[in-house]
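Enquirer: Structure in structure tokens, see below.
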Amino acid sequence: MKDLRKYAAEFIGTFVLVLVACGTAIVTGCGTAEGGIAAYFATAAAFGLVIVAMAYSIGNISGCHINPAVSIAMLVSKKMNAKDFVCYVIAQVLGAIAGAAVLGVIFGFDCGFGANAVDPAKLGGGFLVEVLLTCIFVLAILGVTSRESFSKVAGLVIGGALTLVHLLGIGITGTSVNPARSLGPAIFAGGQALEQIWIFILAPLVGGILAALIWMFLDKKDPEPRKTARKK
């Protein structure tokens, strides 16, 4: 029953992320000429604020990953087992699909769904951006969740980090850093979003693994010096 609650929390958290944050992108016209700079900042803030809200509501149940890139980092750093990883990812993807479906009902199935896309002439650059931004975001998560003393501010730090990476990434890829967040909207948006979905699945997963490896190196404890017996 405890495991089921964790998976349900991940479903709910990812559902809310897509519904509210991608919904904000739709409402503000982020990425369009009409939206302008205000839409850009509003969308970045929406993603960050959703993470803050979810971190302090479901964080004590599932850890509030709501992102396969975060979950794979936890798996690599041995903070979760393979069974939980698979079930978390399934729950996250289903939550994202459900959130996108509700957006379609609200705004119509031609709303764009806040889907990610990159200039076809700059696929390599888009891939690199997603790897690096995901690495930065996940590294912040691993750092702030590594000490119990950071627990009171963890949600704020994580939400702030997500806002930060969105400020750079929106104009390049729309900012994914989350395979589930990209897959749900892409299924309904189709077209370029679905054709390029491999970027927004693979790059964040690579970024999450990279962040885990970096953190494991940085957080590695030096071995205790071996004591030698004094000669009498």
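Enquirer: For the residue pair LEU164 and ASP219, what label-to-label distance in nm results when each label sits 7 Å from Cα along the Cα-to-beta-carbon direction?
Expert: According to this spin-label approximation, the distance is 1.7 nm.
Enquirer: Now, a different point. Using alpha carbon centroids, what distance separates region 145-211 and region 1-68, in Å?
Expert: 10 Å
Enquirer: Between ILE136 and PHE109, what FRET efficiency comes out of the Förster formula 1/(1 + (r/R0)^6) with R0 = 45 Å and r the beta carbon distance, rounded to 0.05?
Expert: Rounded to the nearest 0.05, the efficiency is 0.85.
Enquirer: Keeping to pairs on different chains or 8 or more places apart, tell me how many lysine pairs in the chain have Cα atoms under 15 Å apart.
Expert: 5
Enquirer: First select every other residue whose beta carbon is under 12 angstrom from the beta carbon of ALA212; then total the charges, Lys and Arg +1, Asp and Glu -1.
Expert: Once positives and negatives cancel, what remains is +1.
Enquirer: Assuming a ≥ b ≥ c are the square roots of the Cα gyration tensor eigenvalues, decide whether region 18-78 counts as rounded (a/c under 1.5), prolate (otherwise, with a/b larger than b/c) or oblate.
Expert: Prolate, because a/c is 1.5 or more and a/b exceeds b/c.
Enquirer: Cα gyration tensor of region 1-111, axes a ≥ b ≥ c as square roots of the eigenvalues: rounded (a/c below 1.5), prolate (a/b > b/c) or oblate?
Expert: Judged from the Cα gyration tensor, region 1-111 comes out prolate (a/c at least 1.5, a/b above b/c).
Enquirer: Counting each DSSP H run of 4 or more residues in the chain as -39500 (n - 2.57), what helix-only mean residue ellipticity at 222 nm follows after dividing by all residues, to the nearest 500 deg cm²/dmol?
Expert: -22500 deg cm²/dmol
Enquirer: Between 0 and 90 degrees, rounded to the nearest ten: what's the tilt of helix 82-107 against the longest Cα principal axis of the chain?
Expert: Its long axis makes an angle of about 20 degrees.
Enquirer: Would you please classify the overall shape of the chain from the alpha carbon gyration tensor, given that a ≥ b ≥ c denote the square roots of the eigenvalues, rounded means a/c under 1.5, and beyond that prolate means a/b larger than b/c while oblate covers the rest?
Expert: prolate
Enquirer: Note the angle between two axes, namely the Cα long axis of helix 179-189 and the longest principal axis of the Cα atoms of the chain, as a number of degrees from 0 to 90, rounded to the nearest 10.
Expert: 10 degrees
Enquirer: How far, in degrees from 0 to 90, does helix 2-16 lean away from the longest principal axis of the Cα atoms of the chain, to the nearest 10?
Expert: 40 degrees
Enquirer: Here is a further query. Quantify how much of the Cα-Cα distance distribution of region 58-154 extends past 20 Å, in percent.
Expert: When every Cα pair of region 58-154 is considered, 54 percent fall beyond 20 Å.
Enquirer: Can you sort VAL70, VAL118 from fewest to most other Cβ atoms within 10 Å of each residue's own Cβ?
Expert: Least to most surrounded, the residues fall as VAL118, VAL70.
Enquirer: Using label points projected 7 Å from each Cα along Cα→Cβ, tell me how many nm separate ILE37 and SER149, to one decimal.
Expert: 4.0 nm
Laboratory data are not the source of any read-out in this text; all were calculated from the coordinates shown. Small disclaimer: the values here were computed from a predicted structure and weren't measured. Please note: Cβ atoms are built from the backbone with ideal geometry, for glycine as well, and neighbour counts cover all protein chains shown.
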